[in-house]
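The values are calculated or read from the model by the stated rules, or taken from the named source; none is laboratory data. All figures in this text were calculated on a predicted structure; none of them were measured in a lab. In this analysis, Cβ positions are derived from the backbone assuming ideal geometry, glycine residues included, and neighbour counts consider all displayed protein chains. Each accessible area value is taken on the protein alone, full model and side chains, heavy atoms only, with ligands, DNA and RNA left out. Shrake-Rupley method; radii C 1.70, N 1.55, O 1.52, S 1.80 Å.
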Amino acid sequence: ATPRPFPADGVTTPEERTWDAAVDVLNRSEIGREALRYAMEKGVGIRLSPGGPDWFNPPAGPIEMDANESPESIALTFVHELQPARGAIEGTVPDIMTSTRNDYVNGMIMDEVVGTVASIESKLELVRAGVPITAAFPLEAEYVAAYNQAVADARAANPAATPAELDQAGKAAGLARVVAGFHNGEVSAGNSGQTYPQYYGSSWDGNHP
């Protein structure tokens, strides 16, 4: 995935230049750097194409992204889509044939949640680093509100709480808020208009007539 070997003739495609710019963004975030390291270590492929989809192409990849997006948006999308890639590599994605309907739906939603939260937290790191980011992920505002409230509550309950303890409380609350949003229908699955429980439930039903 990165670093990409520079062509011997010195010629790069627009897609390659866009990805290089996205890598520059990713390298300014701890989460982004870790995502790049994991992708390179595991050989996760990257494909950019104009108007292309934003998804991990199962079961072995690559991660496909729209080359027309900004480098900042591509960077956050990459962080998000690395989660299903990680699940496929590590075998943590529930098996649609052997899992119960409830376990499959909850497991797939949690995979979406973890990827979404990673993108939100990566964006927050980039903003703190002075990188201008206009792209936003679903439930970002709700995550930030839950984080801030949890930090305030933890500080009030324990004025001696360390920054690490406050951050842990905030992240736990933010994660829980995003989980709730995915389950209660605040976020739709792609262009289907279905909620995520409906989307993954329908997928399970289709394999268990």
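List of remarks:
- Qualifying residue in segment 184-192 (condition: within 24 Å of W55 (Cβ to Cβ) and touching a Leu at 6+ places or on another chain (Cβ under 8 Å)): yes
- Residue within segment 110-122 that is within 22 Å of P84 (Cβ to Cβ), of a type in the set (V, I, T) and open to solvent by 30 Å² or more (accessible area, probe 1.4 Å) present: yes
- Any pair with Cβ under 7 angstrom, 6 or more apart, that starts in segment 191-208 at a residue that is touching a residue at least 60 places away in the same chain (Cβ under 8 Å) and ends at one that is loosely packed, with under 11 Cβ neighbours inside 10 Å and hydrophobic (A, V, I, L, M, F, W, C): N207/M97
- Any hit, segment 51-60, residues being acidic (D, E), in contact (Cβ under 8 Å) with a residue 60 or more places away in the chain, in contact with a helix residue (DSSP H, G or I) (Cβ under 8 Å, 6 or more places away or on another chain) and closer than 26 Å to A189 by Cα: no
- When residues of segment 67-83 are limited to those that are closer than 21 Å to S29 by Cβ and open to solvent by 30 Å² or more (accessible area, probe 1.4 Å), the one nearest to the chain's Cα centre (by Cα): Q83
- For segment 38-56, residues that are open to solvent by 40 Å² or more (accessible area, probe 1.4 Å), in contact with a strand residue (DSSP E or B) (Cβ under 9 Å, 6 or more places away or on another chain), assigned to a loop (DSSP other than H, G, I, E, B) and over 18 Å from V114 (Cβ atoms) total 3.
- Enumeration of residues in segment 110-133 that are more than 12 Å from the chain's Cα centre (by Cα) and closer than 23 Å to G170 by Cα: L124, E125, L126, V127, R128, A129, G130, V131, I133
- Taken over segment 84-115, the residue count meeting the criterion of being out of contact with any strand residue (DSSP E or B) (no Cβ under 8 Å at 6 or more places or on another chain) and part of a helix (DSSP H, G or I) is 19.
- Listed conditions (1) surrounded by fewer than 19 Cβ atoms within 10 Å (Cβ to Cβ); (2) within 22 Å of A85 (Cβ to Cβ); (3) in contact (Cβ under 8 Å) with a residue 12 or more places away in the chain are all met by V144, apart from (2).
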